[in-house]
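Working notes for the structure below.
The values are calculated or read from the model by the stated rules, or taken from the named source; none is laboratory data. For clarity, every value in this text was computed on a predicted model and none was experimentally measured. Cβ: placed from backbone, ideal geometry, glycine included. Neighbour counts: every protein chain shown. Each accessible area value is taken on the protein alone, full model and side chains, heavy atoms only, with ligands, DNA and RNA left out. Shrake-Rupley method; radii C 1.70, N 1.55, O 1.52, S 1.80 Å.
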Amino acid sequence: MMLSADIKAQLAQYLKMMEGDVLLKVSAGSDNVSRDMVELVDELAAMSSNIKVENTKLKRTPSFSVNRIGEDTGITFAGIPLGHEFTSLVLALLQVSGRAPKADEKVKEQIKALEGEYHFESYVSLSCQNCPDVVQALNLMSVLNPNITHTMIDGAAFKEEAESNNIMAVPTVFLNGESFGSGRMTLDEILAKLGGGPDASEFENKDPFDVLVVGGGPASASAAIYAARKGIRTGIVAERFGGQVNDTAAIENFIGVKRTEGPQFVANLGEHVKDYDIDVMNLQRAKSLEKKKDFVEIELENGAVLNSKSVILSTGARWRKVGVPGEDEFRNKGVAYCPHCDGPLFEGKDVAVIGGGNSGVEAAIDLAGIVKHVTVLEFAPELKADSVLQDRLKSLPNVTVLPNAQTTEITGTDNVNGITYVDRGTQTEHHIELAGVFVQIGLLPNTDWLGDAVERNKFGEITVDRHGATNVPGVFAAGDCTDDPNKQIIISMGSGANAALNAFNYLIRNEAPEEIASS
């Protein structure tokens with residue numbers, strides 16, 4: 001049996017929601033993956049009279065497509081969509097059966113309005129927590145527009161194909177045979193890349209906000225909700241709602257929630273934000289901030305200008321780069337930043353992890369169960385990770401730790417083939433042959449766009465006081481973009497709430513009460 005009893009019990013409830021018949025066209029061979037795929041399909045068909053099965057020959061074997069009766073819908077799974085992709089399969093069954101996809105009506109219309117042929121192929125790994133968002137978005141587009149098709153390809157099941165297409169990171173998406181993008185992409189982001197996203201003019205000529213939150217992570221959501229609960233005009237402008245948490249795997253230190261994953265956490269944030277009258281302007285990058293007499297002015301990259309009586313900056317942080325030759329050249333060609341997503345692509349190969357803090361050691365532990373050997377390079381004389389993590393790392397037979405190691409170059413031709421470092425104790429140079437390098441050396445605040453508009457420290461972090469206030473009246477900041485030393489989700493959310501409450505206090509002291517009440 002491919003599905004456990006518990007999963008079957010849950011699945012049975014979902015399959016009752018099917019609104020029509022679905023035909024699974026199966027292309028199978030005699031290999032083990034084909035055998036398991038056929039077993040999965042047969043189990044699905046046995047659980048619902050709405051699921052029919054037909055043997056056929058598809059472009060890839062093993063694979064199966066999900067279709068309406070008498071119509072090729074354009075959704076194909078090449079491999080076995082279990083692990084993180086099982087939800088993608090369930091949603092495909094429901095949506096192809098006729099159940100309406102959960103998406104904004106305006107977005108649906110944008111998808112239906114796309115003209116031309118769009119044949120997407122996405123390479124994934126079943127352990128990737130970012131891949132399902134891309135797979136589900138492209139499947140949804142295929143359901144709504146007959147000119148769109150999508151094939152999910154499990155890189156482990158089609159290893160030779162993935163290697164021949166130089167797939168070194170997942171998800172990687174091809175459109176009509178050409179590279180389209182890699183990494184997590186939302187439905188809105190995909191539409192924007194296709195030119196079918198929201199018109200920039202929609203964000204122009206808006207009435208001034210009382211509180212405008214710049215950023216889309218946990219601190220932003222918390223700040224916006226706390227502000228909106230005061231009954232004042234609140235907005236969020238975000239380059240990517242959810243921020244870096246979208247790329248986070250397991251979250252086990254958010255008190256009250258034993259364990260969740262980044263994408264699910266972001267989905268929950270989004271649902272909570274929707275409960276309030278908050279104007280969410282997603283996929284919009286802030287370009288500059290200027291304090292005017294009556295408002296704080298935020299200019300966007302698209303040229304639109306937003307005005308607000310107060311602003312909360314919560315733009316988060318991004319992965320810090322090593323800054324050595326080869327890092328940018330081989331990004332997604334052996335240089336990676338997400339071990340959970342990209343680790344399976346290096347199965348049986350030698351890799352390195354740069355960084356000996358908690359994230360680096362956790363990455364090494366994770367990778368050690370997949371790859372042939374892991375080398376951890378730590379710049380300092382000792383690892384900085386928690387002792388419990390170091391003890392676990394030391395117990396692994398296929399891990400080598402190199403302290404005092406200064407990375408000087410990531411080498412390669414088409415892909416990474418090695419890493420060069422200097423032993424800081426002896427000043428001798430060494431080179432290690434390997435296939436992948438995972439960079440885990442901390443974060444950089446997303447504050448470059450601010451320039452001198454607000455005070456920042458030497459690390460680029462926004463300087464705030466205990467109220468979350470910056471040196472500019474009416475401008476507050478929260479989360480990982482500030483000089484708070486502890487970069488944690490729970491701390492970011494608390495600082496967002498703190499900034500919102502103090503922004504409201506600022507408004508009370510600087511605006512007539514009737515003006516705030518009527519805004």
message: Taking every pair of distinct Cα atoms and averaging 1/r, then inverting, what Kirkwood hydrodynamic radius in Å comes out for segment 79-149?
response: 12.7 Å
statement: Calc'd 3J(HN,Hα), segment 112-126, phi into Karplus 6.51 cos²θ - 1.76 cosθ + 1.60 (θ = phi - 60°), Hz, glycine/Pro = x, comes to 5, 7, 5, 10, x, 9, 10, 10, 8, 10, 10, 8, 9, 10, 6
- line: Rounded to the nearest whole number, the Stokes-Einstein translational diffusion coefficient of segment 355-494 at 10 °C and 1.306 mPa s (Kirkwood radius, C-alpha pairs) in µm²/s is 91 µm²/s
message: Taking each pair of distinct Cα atoms in segment 278-392 once, what is the resulting Kirkwood hydrodynamic radius in Å?
response: 17.7 Å
Overall Cα dimensions of segment 95-219 - principal axes, largest extent first, Å: 55, 34, 27
task: Collect residues whose amide H, placed 1.01 Å from N in the peptide plane, falls under 5 Å from the amide H of Arg456; neighbours closer than 5 in sequence don't count.
output: Thr463
- prompt: In whole Å, how far is the Cα centre of segment 350-418 from that of segment 23-67?
  reply: 40 Å
query: Which FRET efficiency value, to the nearest 0.05, do you get for Asp207 and Asp452 by plugging their Cβ-Cβ distance into 1/(1 + (r/R0)^6) with R0 = 45 Å?
result: 0.95
- request: Pull out the extension gain between Ile255 and Lys112, defined as 0.36 nm times the separation in residues minus the alpha carbon to alpha carbon distance; nm, one decimal.
  value: 47.3 nm
- request: Report the calculated FRET efficiency for Glu329 and Ala12 (r = Cβ-Cβ distance, R0 = 60 Å), to the nearest 0.05.
  value: 0.75
- line: Once Asp328, Asp133 are ranked on solvent-accessible area with the largest value leading and a 1.4 Å probe, the list reads Asp328, Asp133
- line: So for R0 = 56 Å, FRET eff. of Glu409-Glu297 from the Cβ-Cβ r, to 0.05, ends up at 0.80
task: Please give the residues of segment 281-315, grouped as numeric ranges, whose backbone N is less than 11 Å from a label point set 7 Å along the Cα-to-Cβ vector of Asn471.
output: none
Heavy atoms of Arg35: accessible area, 1.4 Å probe, square angstrom to 10: 130 Å²
- prompt: Size of the dipole of the chain about the Cα centre, Lys and Arg at +1 and Asp and Glu at -1 on the beta carbon, nothing else charged, in debye to 20?
  reply: 720 debye
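Out of all Cα-Cα pairs in segment 214-286, roughly what percent, to the nearest whole number, are more than 21 Å apart? The partial results should precede the final answer.
Details: 638 of 2628 pairs.
Looking at segment 214-286, the distances longer than 21 Å represent 24 percent of pairs.
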- prompt: Given H placed on each backbone N at 1.01 Å, which residues far from Ile236 in sequence or on other chains put an amide H within less than 5 Å of it?
  reply: Val213, Asp279, Val280, Met281
task: Find the eigenvalues of the gyration tensor of the Cα atoms of segment 247-320, then list the square roots of 5 times those eigenvalues as equivalent ellipsoid semi-axes, largest first, in whole angstrom.
output: 30, 15, 12
message: For His150, what residues show an amide H to amide H distance below 5 Å, using hydrogens built from the backbone and excluding near sequence neighbours?
response: Ile75, Thr76, Phe120
- prompt: Using only the Cα atoms, what convex hull volume per residue in Å³ does segment 376-442 have?
  reply: 98 Å³
message: If I stretch the segment between Lys102 and Lys287 completely, what's the gain in nm (0.36 nm per residue apart, minus their alpha carbon distance), one decimal?
response: 63.4 nm
task: Largest first and in whole Å, give the semi-axes of the chain's equivalent ellipsoid, each being the square root of 5 times a Cα gyration tensor eigenvalue.
output: 39, 33, 20
